[in-house]
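See structure below.
The values are calculated or read from the model by the stated rules, or taken from the named source; none is laboratory data. What you are looking at is a predicted structure, and each value in this text was computed from that prediction instead of being measured. Here the Cβ positions follow ideal geometry from the backbone for every residue, glycine too, while neighbour counts run over all protein chains shown.
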């Protein structure tokens, strides 16, 4: 029993010690509880409120793009799409596996989905597949039990009713990248698209609108209990283009299968009525993400369908440059209209001999005759007298080799060489460089858009800037009036001589482009041909006597160019046509220019600003 | 008393025994179960179904079971100590092989329609077995290290099995419970140090063998904000719910976090959070006081008992209860890692309720038989 007394004594001591310890531990928990509930209570109460209220963004519909008559060139179409909400499935991989048994998903699609699932918070739906057919949608709905987390809903996707015809102007949209989402969380919403090129990119923010927000009381699963507050989003604004879709279609039809481009401007105000580029691509392909194979195909295509030739293709202007050389000479007073040059078919500068395009020569010509016959020797001599810097300055005034203020991303500025530039490159500027610049060869590079602008500026004497946006949110943008553009401060006398030369090119017997003469007697067109060599013609070829550039391999043939404006006595339209490797401007480009100009004039003026309703209905019916 | 059917204890009649039951303690238990009913009523969004009604039914069953056990002679229970321990151990092995893994890898086994978590049963039978062992131990023998080896094995074998289950929380509680029993039996302080010293190294080895989700628990415990929607979610949400309760709480059925499902497992592991959100700091302290009274009441029964077996059993049951309470409340406040430990008599769950009530039945048997003659016969020689 004594043993037990000792044992029970130890037990009692230790049990009391334990009890003390237990009370102390519970007291410690109570103290901690006091910290959490009373001291930090307010902070946690705020967190609880945030927990309860979830702000959801509502995707606004993207604004449309309309041509100048209100025909939709980029719109939205409802489409069935399958979304995956990560938090509503225990295993997204299994769900996606089951899904791809119904609607096969390519590897790149799977990769994209996995990426977005990882990026999004678990209650934000991720787009699994858009543009579901009715059959696919039905199959998904039937298999719903095997597809936890998948929901089918209706979203909008971008459509381009004119497909590849306006792809380079309207541009395209694509799903936002991770960097985009980091800048603007609203872009994480399913179905949101970002403008990547063209006017979709230029006006992306206006077209996108702003996301609305709904404050929802939600439970932890994200299930909505009730709506607390709603702020409607602002739908994207419609963008009105200066483009006339009917004219655009005429242009593309006329360009045919050539690698070619054509820009038609209203030369009074710079509105771009048509900007055709061939070949092109289907902008709708970008909507859902482009397959690797398609990219490879585009990248390897020598005809570069993704290049907007009209604004980003650069070419030597060839003889179309001669008006700028002439104007530089006239305005500087170095050349007068009556100055004559004798053309024996070649021009000697030191040891170097420069040839005229006509082997026998043109004989003696004045400025008007030089333009009319496109005599190279006349402009070799003129350029030599005027000097490259004056020529460059005049070209810049006409918009050549400068950055035009066009509202089209990716437009290039081209290049006009100057003496200073050449010296900064560590070379000397040779007289020969000036001479070839006189016929628009050498270092000179311009875009078709610049050529059309150049023609418009020659026609009007005003510094018109080409632009594609006519209305934004229904409001007419500035620049739609001729008076919006300042004068170039060129003398009417000089301009008159040059314009007359251009008139003679088309309308006078012996001009270089009789094929451009308008068949409709009501109007007359002024124009200028150009052929720009892509490869130097060797002396042997030329002196062999039977040189014919049309027999060269296609990619070595000269580019064919034509610039024009009409009507001659009251210019409304200016255009440029460039046919790559078309050989001769007069043969390949001038007839195209004639037909397009005829179409433009025939639609003017009543046809241009007020399209009869019947015609709209008819056109939409054919779509 | 040497031989014969000691369970027919003639010293007290059945009626007298019932009178001997500590009814004040029973009232405390009923009060706790009542709080549980209210909390579960709220957890179901203000409805008795599905949690609260079943909770009260289970408690009633448990209460009958408890009174029944309380009337069984403590000396008979002592004889069953080791056999029941062996049964629990066999069940623990069986559950490893044939058991059903539920949420959070708590393994349970189905026996005659009753879901049993052998690890819960194990703790009670471990208390009985250790109490029985040390009951026979003289003061001198307790000082003999060889004498301590069998009970040490008796603790470590089930702990090892529970770790493998895997149920880290229960394993730690079981090990701590075993240590407390050794301590109460009078094992010297320095011997604990001897066993405790290798623990940090063992912990490293155990960490290496842990499942990923268990490591994640420990990692997120150390840094809960690092993964707010993943493993740290529970702790953060629990703290938000508790904290937003403030001093006086949002009021019964007014908790937003629990009712909007932000609070995970609110009817089981996080029932205390539910109470904290609706009744605030004051409500929490009241519940903790009630829990504390039940623990201390159990300890008082142990101190009042005149035989070592009863003292150790009461001590073990009270300690086990305390460990549950502490682990659960510390867990929901983010003081220790989340371990899937329910709060006895408050959390929803049949198995936990029944095992808790069996424990209280044993405690009550100790109280009823506190003064019986219970010699250490086998220890005499």
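For residue B:255, indicate whether it is at pLDDT below 90 and more than 7 Å from chain A (Cβ to nearest Cβ). It would help to see each step written out before you state the result.
Working: at pLDDT below 90: yes; more than 7 Å from chain A (Cβ to nearest Cβ): yes.
The answer is yes for residue B:255.
Within the range B:268-286, being more than 9 Å from every other protein chain (Cβ to nearest Cβ) and under 19 Å from residue B:44 (Cβ atoms) holds for B:268, B:269, B:270, B:271, B:272, B:273, B:274, B:275, B:278, B:279, B:283.
Determine which member of the set A:499, A:457, A:493 is within 23 Å of residue A:417 (Cα to Cα) and in a helix (DSSP H, G or I).
On the way: A:499 fails: within 23 Å of residue A:417 (Cα to Cα); A:493 fails: within 23 Å of residue A:417 (Cα to Cα).
Among A:499, A:457, A:493, only A:457 is within 23 Å of residue A:417 (Cα to Cα) and in a helix (DSSP H, G or I).
Residue check: is residue A:444 more than 22 Å from the chain's Cα centre (by Cα) and exposed (fewer than 13 other Cβ atoms within 10 Å of the Cβ)? For residue A:444, the condition - more than 22 Å from the chain's Cα centre (by Cα) and exposed (fewer than 13 other Cβ atoms within 10 Å of the Cβ) - is not met. Looking only at the range A:72-86, decide whether some residue is part of a helix (DSSP H, G or I), out of contact with any helix residue (DSSP H, G or I) (no Cβ under 9 Å at 6 or more places or on another chain) and either farther than 30 Å from residue A:201 by Cα or at pLDDT 85 or above (or both). The answer is no; no qualifying residue exists.
Exactly one residue out of B:242, B:296, B:290 is within 7 Å of chain A (Cβ to nearest Cβ), surrounded by fewer than 20 Cβ atoms within 10 Å (Cβ to Cβ) and not in a loop (DSSP other than H, G, I, E, B): that is B:296. Could you list all residues from the range A:110-131 that are surrounded by fewer than 19 Cβ atoms within 10 Å (Cβ to Cβ) and more than 14 Å from every other protein chain (Cβ to nearest Cβ)? Those that are surrounded by fewer than 19 Cβ atoms within 10 Å (Cβ to Cβ) and more than 14 Å from every other protein chain (Cβ to nearest Cβ): A:110, A:111, A:112, A:114, A:115, A:131.
Within the range B:299-353, work out how many residues are at negative phi and in a loop (DSSP other than H, G, I, E, B). Talk me through it step by step, then tell me what you get.
Taking the range B:299-353 as the starting set, the residues that turn out to be at negative phi are B:299-333, B:335-339, B:341-344, B:346-348, B:350-353.
Right, trim to in a loop (DSSP other than H, G, I, E, B) and you get B:305-307, B:333, B:335-339, B:341-344, B:346-348.
Selection size over the range B:299-353: 16.
Under the condition of being out of contact with any helix residue (DSSP H, G or I) (no Cβ under 6 Å at 6 or more places or on another chain) and on the phi < 0 side of the Ramachandran plot, the residues counted in the range A:321-344 number 7. Scan the range A:317-333 and tell me whether some residue there is assigned to a loop (DSSP other than H, G, I, E, B) and exposed (fewer than 15 other Cβ atoms within 10 Å of the Cβ). Scanning the range A:317-333 turns up at least one residue that is assigned to a loop (DSSP other than H, G, I, E, B) and exposed (fewer than 15 other Cβ atoms within 10 Å of the Cβ). Which of the residues that make up the range A:384-403 are under 17 Å from residue A:530 (Cα atoms) and in a helix (DSSP H, G or I)? If the condition is that a residue be under 17 Å from residue A:530 (Cα atoms) and in a helix (DSSP H, G or I), then A:395 is the only one that fits.
Report the residue count in the range B:258-275 for those that are at pLDDT 90 or above and more than 12 Å from residue B:346 (Cβ to Cβ). Summing the residues that are at pLDDT 90 or above and more than 12 Å from residue B:346 (Cβ to Cβ) in the range B:258-275 gives 0.
For residue B:335, indicate whether it is over 23 Å from residue B:179 (Cβ atoms) and without any contact (Cβ under 8 Å) to a residue 60 or more places away in the chain.
no
The residues on offer are B:133, B:190, and the sole one that is at pLDDT 85 or above and out of contact with any strand residue (DSSP E or B) (no Cβ under 8 Å at 6 or more places or on another chain) is B:133. One residue alone among A:464, A:497 is in the same structural domain as residue A:573 (by TED's automatic domain parsing), surrounded by 17 or more Cβ atoms within 10 Å (Cβ to Cβ), within 18 Å of residue A:575 (Cβ to Cβ) and touching a residue at least 60 places away in the same chain (Cβ under 8 Å), and that residue is A:464. Do we find a residue being assigned by TED's automatic domain parsing to the domain that holds residue A:328 and over 37 Å from the mean Cα position of the chain (by Cα) anywhere in the range A:399-413? No, that holds for no residue.
Considering the range A:1-42, the residues that are under 60 Å from the mean Cα position of the chain (by Cα) and facing chain B (nearest Cβ under 7 Å) include one that is nearest to residue B:282 (Cα to Cα), namely A:37.
Pairing residues of the range B:267-285 that are free of Cβ contacts under 8 Å to residues at least 12 places away in the same chain with residues that are surrounded by fewer than 24 Cβ atoms within 10 Å (Cβ to Cβ) and in a helix (DSSP H, G or I), at Cβ distances under 8 Å and at least 6 apart in sequence or on separate chains, gives B:285/A:30.
Only one entry of A:66, A:57, A:96 meets the criterion of being on the phi < 0 side of the Ramachandran plot, at pLDDT 85 or above, away from chain B (no Cβ under 14 Å) and more than 25 Å from the chain's Cα centre (by Cα), and that entry is A:96. Residue count for the range A:295-316 under the criterion of being modelled with pLDDT under 90 and either crowded, with 24+ Cβ neighbours inside 10 Å or at positive phi (or both): the result is 1.
Total residues in the range B:322-344 satisfying the condition of being more than 10 Å from chain A (Cβ to nearest Cβ) and at pLDDT 95 or above: the figure is 0.
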